[in-house]
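Peer 1: Quick one: the structure is below, and I'll ask about it shortly.
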Amino acid sequence: MPLIRAENITKNYRVGDMEVPALKGVSFEIGEGAFAAFVGPSGSGKSTLLNLLGCLDHPTSGTLTVNGTDIATLSRSAAASFRGEHLGFIFQDFNLVPVLSVYENIEYPLLMVRGWSPEKRRERVLKVIDAVGMNEQAHKRPDQISGGQKQRVAVARALVGEPKLVLADEPTANLDHDTAYRILGLMKTMRDNFGTSFIFSTHDPKIMGEAELTFTLEDGRLVQEGGAA
Amino acid sequence: MTSTLKLAARNLLRYRRRTLLTALLIMLGVLALLLFVAAAGSFKQTMVGSITDSMLGHLQVHRKGYTQSIDNLPLNLNLQPNAVGKIELALKADPDVAAYSLRVKLGAMFSNFTENTSIRLNGVDPAAEDAAVPALRQRINDGDKTGPLVAPGKVLIPTLIARGMKVNVGDNVVLVVTNASGSVNGKNFVVGGILDGVTGPGGRDGYIHIDDARELLRMDKPEVMEVAVCLKSLKSLSAVQQRLNAALGEIRNKEGKPATELHLWSDLSPFANIVKMIDLMTLFIRIMLIAIVLVSVMNVMLMAVYERIREIGTLAAIGTQPGKLMAIFLSEGLLLGIVGAAAGIALSYALVGYLNLNPVVFAFGREQITLRPVLELVEVGGVLILAVVVSALASLQPAWRAARMDPIQALRHV
Ligand SMILES: Nc1ncnc2c1ncn2[C@@H]1O[C@H](COP(=O)(O)OP(=O)(O)OP(=O)(O)O)[C@@H](O)[C@H]1O
Ligand SMILES: [Mg+2]
């Protein structure tokens, strides 16, 4: 069974009295351990689709299963639980909690979402902090590290709960080219090490090339699907 | 729980100056309330103590209608020996009554042989009066403070008359009285002591021995105008009042109506109104404190939520439950309120301690009052509960907003 199955997904946004279609019937499947990218011009629906996969929003119609769960109609708190259990998120602006140290940012999902015991948390945090190469900076606050380092911490925070799937909307848009490549390399290594699927969006053609699977969106429709490179 | 509090503390420290100012504001509010309550409490206690212990007693019994015309010191509204006996029985039977004094009250002409003035007098039994109003003795500023309060043939006069009539302790004076049947009677007295005045009616009365008073009035029966009662503790005031009202209600006049009336010190002294005013002011300060905590905590928390919309979106997106988000912001507001209140309480204790080591003395009317403020545990606990409840209320709406926020919109917020 594929990790993600989307069938004829549509999403309309309400703007005043108008219905603005953002996705106009999108169907696809993504298997476990994927390293996939949503690409396409601005306004094509990449973020909308990632939000639906991330249980942050409901599709207007269609069926959407992630890891065997129908996520199209989850309640607010069920969606929060699902995200906390099965998903990881990486953001364009890193979005670390400024008052928490690198270590505490990575620990947050285990502490405040999962409620793990201190020993379990410690073991797990040390493992991922080492995997992203941030142990030296563990005690630093986010404002004391570089953008690339912040995104490493974000990758670690996304992976710490051993999710099935990590979603990243434009994870490299705020990074210079070299750093962007390194972050993508890190994500791929993490996929190799932990078996986690990664889906990210980008409109940078070079970054796109790093994906093993690309879905090209145009005006709310999937126009091309295929293995890149 | 502790991790939520830790996060709250860190976030409060993030905007150090704002947090400090708000906590300071709450601290000052708490300080103002606690200091006022402590000082006013001490003032009240001193004043009430001086009024009850040196003059009124805690409650008084009169013949029905006497207090209404007490200004004229009527001679025809006396408690008859029969009634006095019953009153004494009721007082002796009450476990909370410490002592009582029977008084014969009269107005007299006071003469130093060259000038006259009028004087209000209490004829008392020295031992009984001493027991019922033990602080009366302390008001003697000139004369014998250790012997019997007032011996037969002696008169204690208020400072005002002593000064106005230029008489001193040991001087001979004459008291002239018109009795109930209209005949005039006079008697020589020696000034036995001069009394400091106290605030309120009766605060400028003189004292003679009860036998002298009855002789002056040519009373043939041991009638009494006033019974001043001292309780073991002011706390039992209303209980004693109820019991005595029941017991004294049995004493009827010829028409079968109650023959006596019972009054508390607060019914007799205008200072009771000042006490009410102080209590009202305390209430206002309390309301101000509530407003201060409510507005300042709510202001900080609304700002905190507004500033951290993207952070809230992030936390929600990565799976933080709405309830947890709510707890994060609620504990932030609570912590702010509690820290401010705790600082205020600590400072209040320090200041009250200082005031007890270096007492403030001030004059109220003709009395020197030494403030000995005490912080009651109930009051301190009340302030803490107030701070907790009000800051929780103030954070409720902002926290609710944070919990209800749509993660996508929150994440998109700039
Ligand atoms: N909250 C919203 N309300 C109304 N319309 C929206 C909303 N979010 C997205 N849209 C519209 O939906 C369409 C798809 O937007 P989406 O953000 O998914 O595009 P995108 O591919 O992520 O673009 P970009 O590359 O600029 O991030 C656009 O036309 C956009 O204007
Ligand atoms: Mg987008």
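Peer 1: Contact list please: Cβ distance under 8 Å, first residue in the stretch A:17-43 and within 14 Å of A:GLU225 (Cβ to Cβ), second residue within 10 Å of ligand 1 (Cβ to nearest atom) and in a loop (DSSP other than H, G, I, E, B), pairs at least six apart or on different chains.
Peer 2: A:VAL26/A:GLY45; A:VAL26/A:GLY220; A:VAL39/A:HIS203; A:GLY40/A:HIS203
Peer 1: Would you mind telling me which numbered condition in (1) loosely packed, with under 15 Cβ neighbours inside 10 Å; (2) in contact with a strand residue (DSSP E or B) (Cβ under 9 Å, 6 or more places away or on another chain) A:ASP178 fails?
Peer 2: (2)
Peer 1: While we're on this one: Is it the case, given these coordinates, that B:GLY123 is open to solvent by less than 10 Å² (accessible area, probe 1.4 Å), within 25 Å of B:ASP196 (Cα to Cα) and assigned by TED's automatic domain parsing to the domain that holds B:LEU237?
Peer 2: yes
Peer 1: Which members of the stretch B:156-175 meet the condition of being among the aliphatic types (A, V, I, L, M) and closer than 16 Å to B:GLY202 by Cβ?
Peer 2: Applying the first criterion (among the aliphatic types (A, V, I, L, M)) to the stretch B:156-175 yields B:156-157, B:160-162, B:165, B:167, B:169, B:173-175.
B:LEU156, B:ILE157, B:LEU160, B:ILE161, listed by residue number.
Peer 1: Of the residues that make up the stretch A:64-76, is at least one within 16 Å of ligand 1 (Cβ to nearest atom) and polar (S, T, N, Q)? Before you say what the answer is, go through the steps one by one.
Peer 2: Step one: list which residues in the stretch A:64-76 are within 16 Å of ligand 1 (Cβ to nearest atom), which gives A:64.
Retained after the next criterion (residues that are polar (S, T, N, Q)): none.
Checking the stretch A:64-76: not a single residue is within 16 Å of ligand 1 (Cβ to nearest atom) and polar (S, T, N, Q).
Peer 1: Look through A:SER77, A:SER47, A:SER117 and report the one residue that is open to solvent by 40 Å² or more (accessible area, probe 1.4 Å), at the interface with chain B (Cβ under 9 Å from one of its Cβ atoms) and without any contact (Cβ under 8 Å) to a residue 40 or more places away in the chain. Steps first, answer last, please.
Peer 2: Details: A:SER47 fails: without any contact (Cβ under 8 Å) to a residue 40 or more places away in the chain; A:SER117 fails: at the interface with chain B (Cβ under 9 Å from one of its Cβ atoms).
Testing whether each residue is open to solvent by 40 Å² or more (accessible area, probe 1.4 Å), at the interface with chain B (Cβ under 9 Å from one of its Cβ atoms) and without any contact (Cβ under 8 Å) to a residue 40 or more places away in the chain leaves just A:SER77.
Peer 1: Please go through the stretch A:193-204 and pick out each residue that is at pLDDT below 95 and within 16 Å of ligand 2 (Cβ to nearest atom).
Peer 2: Correct list: A:THR202, A:HIS203, A:ASP204.
Peer 1: Can you pull out the residues in the stretch B:175-206 that are within 24 Å of B:LEU75 (Cα to Cα) and in a loop (DSSP other than H, G, I, E, B)? Steps first, answer last, please.
Peer 2: The first filter runs over the stretch B:175-206 and keeps only residues within 24 Å of B:LEU75 (Cα to Cα), leaving B:175-189, B:200-206.
Matches in the stretch B:175-206: B:ASN179, B:ALA180, B:SER181, B:GLY182, B:SER183, B:GLY200, B:PRO201, B:GLY202, B:GLY203, B:ARG204, B:ASP205.
Peer 1: Moving on to the next point. Collect the residues in the stretch B:231-265 that are among the polar types (S, T, N, Q) and either under 20 Å from the mean Cα position of the chain (by Cα) or part of a loop (DSSP other than H, G, I, E, B) (or both), keeping them in residue-number order. First the steps, then the outcome.
Peer 2: Looking only at the stretch B:231-265, we keep the residues that are among the polar types (S, T, N, Q), and these are B:233, B:236, B:238, B:241-242, B:245, B:253, B:260.
Within the stretch B:231-265, B:SER233, B:SER236, B:SER238, B:GLN241, B:ASN253 qualify.
Peer 1: Here's another thing I want to ask about it. Can you tell me how many residues in the stretch A:1-17 are open to solvent by less than 60 Å² (accessible area, probe 1.4 Å) and away from ligand 1 (no atom under 13 Å from the Cβ)?
Peer 2: Here is the first cut: in the stretch A:1-17, the ones open to solvent by less than 60 Å² (accessible area, probe 1.4 Å) are A:2-4, A:6, A:9-12.
Those left that are additionally away from ligand 1 (no atom under 13 Å from the Cβ): A:2-4, A:6.
Matching residues across the stretch A:1-17 total 4.
Peer 1: B:VAL380: open to solvent by 20 Å² or more (accessible area, probe 1.4 Å) and of a type outside the set (Lys, Arg), yes or no? If you could, list the steps in order and put the result at the bottom.
Peer 2: Details: open to solvent by 20 Å² or more (accessible area, probe 1.4 Å): no; of a type outside the set (Lys, Arg): yes.
Here the answer is no, as B:VAL380 does not meet what is asked.
Peer 1: Here's another thing I want to ask about it. If you go through the stretch A:162-174, how many residues are away from ligand 2 (no atom under 16 Å from the Cβ) and buried (at least 21 other Cβ atoms within 10 Å of the Cβ)?
Peer 2: Matching residues across the stretch A:162-174 total 3.
Peer 1: Hey, could you check the stretch A:88-102 for residues that are more than 20 Å from the chain's Cα centre (by Cα) and buried (at least 16 other Cβ atoms within 10 Å of the Cβ) and say which is farthest from the other protein chains (Cβ to nearest Cβ)? Working first, answer last.
Peer 2: Filtering the stretch A:88-102 down to residues more than 20 Å from the chain's Cα centre (by Cα) leaves A:98-101.
Among the residues that remain, those that are also buried (at least 16 other Cβ atoms within 10 Å of the Cβ) are: A:99-101.
Values: A:VAL99: 4, A:LEU100: 7, A:SER101: 10 Å.
Among residues in the stretch A:88-102 that are more than 20 Å from the chain's Cα centre (by Cα) and buried (at least 16 other Cβ atoms within 10 Å of the Cβ), the one farthest from the other protein chains (Cβ to nearest Cβ) is A:SER101.
Peer 1: Hey, could you check the stretch A:18-38 for residues that are in a strand (DSSP E or B) and closer than 14 Å to A:VAL166 by Cβ and say which is farthest from ligand 1 (Cβ to nearest atom)? Walk me through it before giving the result.
Peer 2: If we filter the stretch A:18-38 for residues that are in a strand (DSSP E or B), which is where we start, we get A:18-30, A:35-38.
Of the ones still in play, those that are also closer than 14 Å to A:VAL166 by Cβ are A:30, A:35-38.
Details: A:ILE30: 18, A:PHE35: 20, A:ALA36: 15, A:ALA37: 12, A:PHE38: 8 Å.
Looking at the filtered set, the residue picked out is A:PHE35.
Peer 1: Quick check on my filter: what residues within the stretch A:181-203 are surrounded by 15 or more Cβ atoms within 10 Å (Cβ to Cβ) and either within 16 Å of ligand 1 (Cβ to nearest atom) or not hydrophobic (A, V, I, L, M, F, W, C) (or both)?
Peer 2: Start the filter on the stretch A:181-203 by keeping residues that are surrounded by 15 or more Cβ atoms within 10 Å (Cβ to Cβ), which leaves A:181-184, A:186-188, A:190-191, A:194, A:196-203.
Those that are surrounded by 15 or more Cβ atoms within 10 Å (Cβ to Cβ) and either within 16 Å of ligand 1 (Cβ to nearest atom) or not hydrophobic (A, V, I, L, M, F, W, C) (or both): A:TYR181, A:ARG182, A:LYS188, A:ARG191, A:THR196, A:SER197, A:ILE199, A:PHE200, A:SER201, A:THR202, A:HIS203.
Peer 1: Within the stretch B:382-403, can one find any residue that is in a loop (DSSP other than H, G, I, E, B) and farther than 23 Å from B:ILE290 by Cα? Give the steps one after another, and end with the answer.
Peer 2: Going residue by residue through the stretch B:382-403, those that are in a loop (DSSP other than H, G, I, E, B) are none.
No, that holds for no residue.
Peer 1: Suppose the filter is away from every other protein chain (no Cβ under 12 Å) and more than 16 Å from ligand 2 (Cβ to nearest atom); does A:GLU85 pass it? Break it down into steps so the answer makes sense when it comes.
Peer 2: Values: away from every other protein chain (no Cβ under 12 Å): no; more than 16 Å from ligand 2 (Cβ to nearest atom): yes.
No; evaluated as a whole, the condition is false for this residue.
Peer 1: Which residues, counting only those in the stretch B:1-49, are over 28 Å from B:GLY323 (Cα atoms) and free of Cβ contacts under 8 Å to residues at least 12 places away in the same chain? Talk me through it step by step, then tell me what you get.
Peer 2: At the first step, the residues of the stretch B:1-49 found to be over 28 Å from B:GLY323 (Cα atoms) are B:17, B:21, B:24-25, B:27-49.
Those that are over 28 Å from B:GLY323 (Cα atoms) and free of Cβ contacts under 8 Å to residues at least 12 places away in the same chain: B:ARG17, B:LEU21, B:GLN45.
Peer 1: Let me ask you something else. Would you mind stating whether A:ILE129 is open to solvent by less than 30 Å² (accessible area, probe 1.4 Å), more than 24 Å from B:LEU411 (Cβ to Cβ), part of a helix (DSSP H, G or I) and among the aliphatic types (A, V, I, L, M)? Give the derivation first.
Peer 2: On the way: open to solvent by less than 30 Å² (accessible area, probe 1.4 Å): yes; more than 24 Å from B:LEU411 (Cβ to Cβ): yes; part of a helix (DSSP H, G or I): yes; among the aliphatic types (A, V, I, L, M): yes.
Criteria met by A:ILE129.
Peer 1: Additional query: Which numbered condition in (1) away from ligand 1 (no atom under 15 Å from the Cβ); (2) open to solvent by 20 Å² or more (accessible area, probe 1.4 Å); (3) within 14 Å of chain B (Cβ to nearest Cβ) is the only one that A:HIS58 fails?
Peer 2: (1)
Peer 1: Does A:LYS150 count as within 17 Å of the chain's Cα centre (by Cα), within 14 Å of chain B (Cβ to nearest Cβ) and at pLDDT below 95?
Peer 2: Working: within 17 Å of the chain's Cα centre (by Cα): yes; within 14 Å of chain B (Cβ to nearest Cβ): yes; at pLDDT below 95: no.
Judged against the criteria, A:LYS150 is not a match.
Peer 1: Separate question: Check B:ASN78 against each of (1) within 14 Å of another protein chain (Cβ to nearest Cβ); (2) surrounded by 22 or more Cβ atoms within 10 Å (Cβ to Cβ); (3) out of contact with any Ser or Thr (no Cβ under 9 Å at 6 or more places or on another chain); (4) not small (Gly, Ala, Ser) and name the one condition it does not meet.
Peer 2: The single condition B:ASN78 does not satisfy is (1).
Peer 1: B:LEU31 passes all but one of (1) open to solvent by 30 Å² or more (accessible area, probe 1.4 Å); (2) more than 14 Å from chain A (Cβ to nearest Cβ); (3) assigned to a helix (DSSP H, G or I); (4) not β-branched (Val, Ile, Thr); which number fails?
Peer 2: Unmet for B:LEU31, out of (1) open to solvent by 30 Å² or more (accessible area, probe 1.4 Å); (2) more than 14 Å from chain A (Cβ to nearest Cβ); (3) assigned to a helix (DSSP H, G or I); (4) not β-branched (Val, Ile, Thr): (1).
The values are calculated or read from the model by the stated rules, or taken from the named source; none is laboratory data. Worth saying up front: this structure is predicted, and the values here are computed from it rather than measured. Positions of Cβ are generated from backbone atoms using ideal geometry, with glycine treated the same way; all protein chains shown enter the neighbour counts. Surface areas here come from the heavy atoms of the whole protein model, side chains and all, with no ligands, DNA or RNA. Shrake-Rupley method; radii C 1.70, N 1.55, O 1.52, S 1.80 Å.
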